[in-house]
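Peer 1: Have a look at this one before I ask anything.
Each reported figure results from applying straightforward, stated rules to the coordinates on display, with no laboratory input. These numbers were taken from a predicted model, which means no experiment stands behind them. Cβ coordinates were reconstructed from backbone atoms using ideal geometry, including for glycine residues, and neighbour counts include every protein chain displayed.
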Amino acid sequence: MGNVLANGVRIWYEEQGKGPAMLWAHGLGGTLHEWDETMAFFQERYRVIAYDARGHGRSEIPDSPEAYSQDIMVQDMLGIMDALDIPKAIVGGHSMGANVALNFALQHPDRCLGVITVGIGSGSTNRQWYQDWHDKLANLAEKKGMAAFLAEMKNLPAWQSALLNPKIGPRIRQEVLDNSPRAIAHTIRGVQKKRPTIFELGPRLENLDVAALIVFSEFDTLVVECSRFMVQCMPRATLELIPTKSHWVHLEKPQIFLEAVERFLSKLT
């Protein structure tokens, strides 16, 4: 564990194992510890790395709103790979991190052994509602703190289900509460609200020659349509429906998730 200078920002990361590289990005309000089970499972065969996104966890928190965008986070991922001397990796992520991993693959396909997305695409459907609601979320975080942000997120059924789950709820809740309200507000305004929708990426997805695993829950309503759309577009994509109710399918049903990733990886070798 430690930090690296990536794209001008100090990024905190943890690493386990040796072998082909596997790099994981977390979602909004999370930390690298979303991937603890994944790292432990694959460490005997892979070099598994997870990191805190800028403005999250133990990574540097830039104060300027202009320091937060999806393209900047894509360049952070590239900077981590360069700093750790990783020519190619399986890149994966959850929610916000899934969008980063996908757009990394679109921009740098030559650096990808494969791409894995979990719960990708929030904001691609019901666009105006999403924009308005995220304005509210950013304002709540900035003016009233992370507890107010978290209380509002509970209005999403897939978040509520996770937070009420006794096995994963306390863990997710604490990760969110430990983050910087100002950085979360900057991330919402600069990343979540401004990134292109999955549907806008359609023509580029059709030309992406990288094997992809798209993981989602049918109860995670904000991502269902766009997850299915991705598989229709991408020539080398596999869809994996996990029988869960929350947005955190990899935490709610870790064994099923890890087995799905294992099947995907077995086809890459």
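Peer 1: I need the phi-derived Karplus couplings for the range 104-115: 6.51 cos²θ - 1.76 cosθ + 1.60, θ = phi - 60°, integer Hz, Gly and Pro marked x.
Peer 2: Karplus-based 3J(HN,Hα) across the range 104-115 equals 4, 4, 5, 7, 9, x, 5, 9, 10, 7, x, 9 Hz.
Peer 1: Among DSSP beta bridges whose residues both lie in the chain, state the antiparallel percentage, nearest 5.
Peer 2: 25
Peer 1: Which number gives the lysine pairs in the chain that have C-alpha atoms under 27 Å apart and are eight or more places apart or on different chains?
Peer 2: 25
Peer 1: At 0.36 nm per residue, minus the direct Cα-Cα distance, what do Glu225 and Arg10 gain on full extension? Give it in nm, one decimal, please.
Peer 2: That pair, Glu225 and Arg10, stretches by 73.8 nm at full extension.
Peer 1: I would also like to ask the following. Report the calculated FRET efficiency for Ala40 and Met1 (r = Cβ-Cβ distance, R0 = 22 Å), to the nearest 0.05.
Peer 2: So, using R0 = 22 Å, E works out to roughly 0.95.
Peer 1: Here's a follow-up. State the dimensionless ratio Rg/Rh of the range 84-188 (Rg: radius of gyration of Cα atoms; Rh: Kirkwood radius).
Peer 2: So for the range 84-188, dividing Rg by the Kirkwood Rh gives 1.03.
Peer 1: Starting at 0 and stepping by 5 Å, how many percent of the alpha carbon pairs of the range 122-269 end up in each bin?
Peer 2: Reading upward from the zero bin: 2, 9, 15, 18, 19, 17, 12, 6, 1, 0.
Peer 1: Quick one: grab Rg to one decimal and Dmax as a whole number for the chain, Cα atoms only, in Å.
Peer 2: Just the Cα atoms of the chain yield Rg and Dmax of 16.8, 50 Å.
Peer 1: Determine, at each q value in 0.11 (inverse angstroms), the log₁₀ of I(q)/I(0) that the Debye formula gives when each Cα of the range 1-126 is one equal point scatterer.
Peer 2: These q points yield log10 I(q)/I(0) values of -0.32.
Peer 1: In a Gaussian network model over the chain where Cα atoms closer than 10 Å are linked, find which of Leu241, Leu205, Leu28 has the largest mean-square fluctuation.
Peer 2: Of the options given, Leu241 has the highest mean-square fluctuation.
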